[in-house]
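Written below as structure tokens is the structure these notes are about.
The values are calculated or read from the model by the stated rules, or taken from the named source; none is laboratory data. Computed from a predicted model, the values in this text were never measured in an experiment. Backbone-built Cβ (ideal geometry, glycine too); neighbour counts: all protein chains shown.
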Amino acid sequence: MNWQRGLIIELHLGIFADTERQKKKAGLDPMTNLRRLIEAYIRTKITNRSNYLAEIAYSGPGHLEAASVSIFFEPIRLEEQHGFVEFDVTIDPDDYSYDYSKLYYCSNPEENFSEERAICFKLRQRRTPETVRLVIPTACSLSAYLRMRLDLLPYTGGHVLSSSARLVNANCDDELSRKAKLILQKEWVRAEVLQSEAACRTTLPHYPESLSLELTAGCNLTCSHCSSHGDAAEHELNIRRPSFNLDMLDRLAHELFPHLTMVNLVGRGEPMMVPDQLWNRLAEHLDRYHVLMTCVTNGYFLRRRLTEKVLPLVDTITVSIDGATEDVFAQNRGNGRLSVVLDNVKYFNDLRHKLPLARRPRLGFSWTLKRNNIHEFPEFIRLIKRFDPTLLYVRHLFVFREKDQEQSLLGQPDLTNRYLREAYALLEGSGIKLDVPPLMK
């Protein structure tokens, strides 16, 4: 194969034809077929060396498919004005497990590519071209040498397209450059967090990589086992507390969000039961500073809060459901209605399947094991499997008040294990990530 200078593509699985008919028509041995398909589907081109590193394009009736596609660029001699490297890329992962892409770099010819010299970045859409700009690492700028490997789908298979990799001047001060600096800062924070944890630092030279934020202490439900709303007096106290201050959110976001990877919406109340202005402002800050959010919710406000515009900002939504029938659900969820929650979950699930996001927002469920709902736990598993959840959290009742003692299952191992075994059998092979208690002894 006559590869042009400047680019090598390493295929770890191979190439497939679009239809069985095309496969039969090819009639070639695997290596000959692979070579001819690569030659038909890929062309490489180097244009204007001072501005472009390489260009790749795919053509023909089939697609490239690989568990890992690594794009290797020929070493680049950097000049003083070069501050960024830029790629136009498109990805179409085989599934929705995509988390991020990687650019590996070396600052001298003797170095090998390694995880210690990698920049992680997230692509938002699938089958949609995106321009990614990254800051050229300091070590490469100092040595004036840059060698790169681009892994767009490092942990999953799929189709990738990359073209027009360019060097960009350091004085370029547009939105892409601002985002590139954010990516670099977040990468540094994540690395420092690992070092701080390993060294058990007590004084930290960095901001955190994630933040847990309580937007409100109020809630629309009075779940009987809740520490903040299971008692009438506690509920009245918390429902009267003001929501998070808007000006404080602005100050917090401008100082902290540039360093964050994740914001976790948790606390005493229902995170989505806040004024529209506060929710919209939070979404604006998450989008501006490229931060994802997780949220533990009772599910009542999913349809109102999770719009098509907000969904790309979502990492995980976890919905609490403590009953598989209307009656038991109402007993445990403060007279809430199971049908309303399930209808809202269906809305969220349909939307996350509809939008062409590179990484589908995760859906999780949580369940508190109680004497009045243990018999419904297997049915709950059957109920949630229709929504293709990613996560399941199950906990025994934490007794906050004397009146809750009668609902505890700690003295009922036989009853508990009977239904846990049935439910856990239903979960086998489901692919759902489990955080559940073991059988009782």
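Couple of notes before you dig in:
- For the stretch 390-429, the candidate set comprises residues that are part of a loop (DSSP other than H, G, I, E, B) and within 24 Å of N298 (Cα to Cα); within that set, the residue that is nearest to the chain's Cα centre (by Cα) is T390.
- Per the listing E209, E214, the residue uniquely touching a helix residue (DSSP H, G or I) at 6+ places or on another chain (Cβ under 9 Å) and within 26 Å of E255 (Cβ to Cβ) is E209.
- Screening D388 on (1) surrounded by 15 or more Cβ atoms within 10 Å (Cβ to Cβ); (2) within 27 Å of I317 (Cβ to Cβ); (3) modelled with pLDDT of 95 or more shows it passes everything except condition (3).
- Residue within the stretch 148-169 that is surrounded by fewer than 19 Cβ atoms within 10 Å (Cβ to Cβ), part of a helix (DSSP H, G or I) and modelled with pLDDT of 95 or more present: no
- Here A180 clears all of (1) in a helix (DSSP H, G or I); (2) surrounded by fewer than 19 Cβ atoms within 10 Å (Cβ to Cβ); (3) in contact with a Leu (Cβ under 9 Å, 6 or more places away or on another chain); (4) not charged (D, E, K, R) except the condition numbered (2).
- All positions within the stretch 222-240 that are under 32 Å from the mean Cα position of the chain (by Cα) and surrounded by fewer than 18 Cβ atoms within 10 Å (Cβ to Cβ): S227, I239
- Selection count where residues are among the charged types (D, E, K, R) and either surrounded by fewer than 16 Cβ atoms within 10 Å (Cβ to Cβ) or touching a Phe, Trp or Tyr at 6+ places or on another chain (Cβ under 8 Å) (or both), scope the stretch 351-370: 3
- Long-range neighbours under 6 Å by Cβ, at least six apart or interchain, first residue within 29 Å of T261 (Cβ to Cβ) and touching a residue at least 40 places away in the same chain (Cβ under 8 Å) within the stretch 211-229, second among the charged types (D, E, K, R) and surrounded by 19 or more Cβ atoms within 10 Å (Cβ to Cβ): C219/E270
- Residue in the stretch 311-320 that is in the same structural domain as A283 (by TED's automatic domain parsing), assigned to a strand (DSSP E or B), of a type in the set (S, T, Y) and under 20 Å from D95 (Cβ atoms) present: yes
- The stretch 249-278, residues that are more than 22 Å from Y207 (Cα to Cα) and either under 20 Å from the mean Cα position of the chain (by Cα) or part of a strand (DSSP E or B) (or both): P271, M272
- Tally of residues being surrounded by fewer than 18 Cβ atoms within 10 Å (Cβ to Cβ), in a helix (DSSP H, G or I) and within 30 Å of the chain's Cα centre (by Cα) across the stretch 323-350: 6
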